[in-house]
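Working notes, structure below.
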Amino acid sequence: MCYNKEAASRQQKSVKEGISMKFVSLVFSPTGGTQKAAGALTAGWQGPAQQLDLTRMDFDGSAAGLTAGDLALIAVPSFAGRVPALAAQRLAGVRGNGACCAVLAVYGNRAYEDTLAELYDLAVQCGFRVIAGVSAVAEHSIMHCYAAGRPDARDRAELQAFGRRILEKARRGDTAAPQLPGNRPYKQAGAAAMVPAAGAACTGCGFCAEKCPAGAIPREAPAVTDAARCIYCMRCVSICPQHARHTDAEKAALLARKLQPVCQTPKTNELFL
């Protein structure tokens, strides 16, 4: 573990002395679903959270400025049961410095498998003290028929309540690690290749190239996608002002049918303390 009893003692002392606790939210959310879940959870904290966007190509982990008396949230979508590799790479530059942390895995109503376990390990490697884990359901980023509209009002209220319980645990100075589901070693990474392509409606505005987390769309030729760099996150599809970018419709339909048995029954959000 990267934290120790001395760090825990400093956090407990800051609570007793009324020292202000800073809140930080580190989120990888290409299409917005993870950000919605993260925002609902941190709404349960007593004050605004500093927002650090892990999808940015120029993400600077040193901007967190965390101390042992602070509370952070690290939130990622589950990509085929794992933490997105790009998010893991960017998290490696963050220094937790003994801050308490909750980890949040957001998934499209199929399964999050080893995502929480892997995210816990990454957070500990960064020097966080993980005190809570949360799984939350959000609308699937490719097959929007699954978990459509989630997180909805009921989800948001539940996640806010989770946030309050996490804050209470942090303010008690309780740094006990939660028991999180998942396997070690993690499942093999990999998902069905779903590289979006630009259609005839593309105007070459370059907005997708500017916002692509992986830098897979050249600014000088935004109608092109570098398949080797694309992470299938669907940000370009979701933000295109002309609705000109799409995945292969036939392949998406086949995948939707394949996942129907495991996706059609609504899943619940979970809190692990």
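The values are calculated or read from the model by the stated rules, or taken from the named source; none is laboratory data. Source: prediction; values computed, not measured. All Cβ positions, glycine included, derive from the backbone under ideal geometry; neighbour counts span all protein chains shown. Keep in mind that these areas ignore ligands, DNA and RNA; they rest on the heavy atoms of the full protein, side chains included. Shrake-Rupley method; radii C 1.70, N 1.55, O 1.52, S 1.80 Å.
Between Ala197 and Ala148, what is the label-point separation in nm under the 7 Å Cα-to-beta-carbon projection?
Result for the modelled spin labels: 2.7 nm.
Which order do Thr31, Thr42 take when ranked by solvent-accessible area (1.4 Å probe, heavy atoms of all protein chains), largest first?
Thr31, Thr42
May I ask you to list the residues of segment 197-212 whose amide nitrogen lies under 12 Å from a point 7 Å from Cα along the Cα→beta-carbon direction of Arg229?
It comes to 209-212, nothing else.
Which value, in Å² rounded to 10, gives the accessible area of Ile239 with a 1.4 Å probe and all protein chains present?
Its accessible surface works out to 40 Å², give or take rounding.
May I ask for the angle, rounded to the nearest 10°, between helix 5-16 and the longest principal axis of the chain, with both axes built from Cα atoms and the value confined to 0 to 90°?
Long axis of 5-16 versus the principal axis of the chain: about 80 degrees.
Could you report the accessible area of Arg164 in Å², rounded to 10, computed with a 1.4 Å probe on the protein chains as they sit in the structure?
Looks like 110 Å² after rounding.
Convert each backbone phi in segment 210-218 into a coupling constant with the Karplus relation 6.51 cos²θ - 1.76 cosθ + 1.60 (shift: θ = phi - 60°), then list the ³J(HN,Hα) values in order as whole Hz, x for Gly and Pro.
5, 9, 4, x, 9, x, 8, 10, x
From Cα pairs below 8 angstrom and at least 6 apart in sequence, can you work out the relative contact order of segment 31-130, rounded to a whole percent?
29
Leaving out same-chain residues fewer than 8 places away, which aspartates and glutamates sit with a Cα under 16 Å from that of Lys187?
Leaving aside aspartates and glutamates fewer than 8 places away in the same chain, those within reach of Lys187 are Glu113, Asp114, Glu118, Asp121.
Given the C-alpha centroids of segment 194-216 and segment 59-76, what is the distance between them in whole angstrom?
So the two Cα centres are separated by 30 Å.
So the label point goes 7 Å from the Cα of Gln264 along Cα→C-beta, right? Which residues of segment 121-158 then have their backbone N under 17 Å from it?
Counting backbone N atoms under 17 Å from the label point, the list is 143-148.
What angle, in degrees between 0 and 90 and rounded to the nearest 10, separates the Cα long axis of helix 249-263 from the longest principal axis of the Cα atoms of the chain?
Tilt of helix 249-263: around 40 degrees.
With θ set to phi - 60° and the Karplus curve 6.51 cos²θ - 1.76 cosθ + 1.60, what are the ³J(HN,Hα) couplings of segment 95-107 in order, to the nearest whole Hz, using x for Gly and Pro?
So the J values, rounded to whole Hz, are 10, x, 6, x, 5, 5, 8, 10, 10, 10, 10, 10, 9.
Give me the percent relative contact order of segment 144-273, please, defined on Cα pairs under 8 angstrom at least 6 residues apart.
28
State whether segment 191-253 is rounded, prolate or oblate according to the following rule on the C-alpha gyration tensor (a ≥ b ≥ c being the square roots of its eigenvalues): a/c under 1.5 gives rounded; otherwise a/b larger than b/c gives prolate, and the remaining case gives oblate.
The shape class here is oblate.
With mean projected area of the Cα convex hull in nm² in mind, check (1) 21.5; (2) 14.1; (3) 13.4 and report the label derived from this structure.
(2)
Please name whichever of Ala227, Phe272, Ala38 sits farthest to the positive end of the charge dipole of the chain, dipole taken about the Cα centre and charges placed at Cβ: Lys and Arg +1, Asp and Glu -1.
Phe272
Report, in deg cm²/dmol and to the nearest 500, the calculated mean residue ellipticity at 222 nm for the chain, where each DSSP H run with n ≥ 4 adds -39500 (n - 2.57) and the sum is divided by the residue count.
Computed ellipticity for the chain at 222 nm equals -9000 deg cm²/dmol.
Could you give me the percent of Cα pairs per 10 Å distance bin for segment 71-190, shortest bin first, beginning at zero and ending with the bin that holds the maximum distance?
Values per bin, smallest distances first: 14, 43, 35, 8, 0.
Can you send over the solvent-accessible area of Lys211, 1.4 Å probe, protein chains only, in Å² to the nearest 10?
80
Once you keep just the Cα pairs under 8 angstrom separated by 6 or more residues, what percentage relative contact order results for segment 51-100?
52
Can you work out the Karplus-derived ³J(HN,Hα) for every residue in segment 26-31? Use 6.51 cos²θ - 1.76 cosθ + 1.60 with θ = phi - 60°, whole Hz, and x for glycine or proline.
For segment 26-31, the Karplus curve yields 9, 10, 10, 9, x, 10 Hz.
Which residues among segment 98-139 fall inside the zone where the amide N is under 20 Å from a point 7 Å beyond the Cα of Ala252, along Cα→Cβ?
107-111, 138-139
Could you sort Glu220, Glu113, Glu250 by their accessible area in this structure, using a 1.4 Å probe and putting the largest first?
Of Glu220, Glu113, Glu250, the descending order of accessible area is Glu220, Glu250, Glu113.
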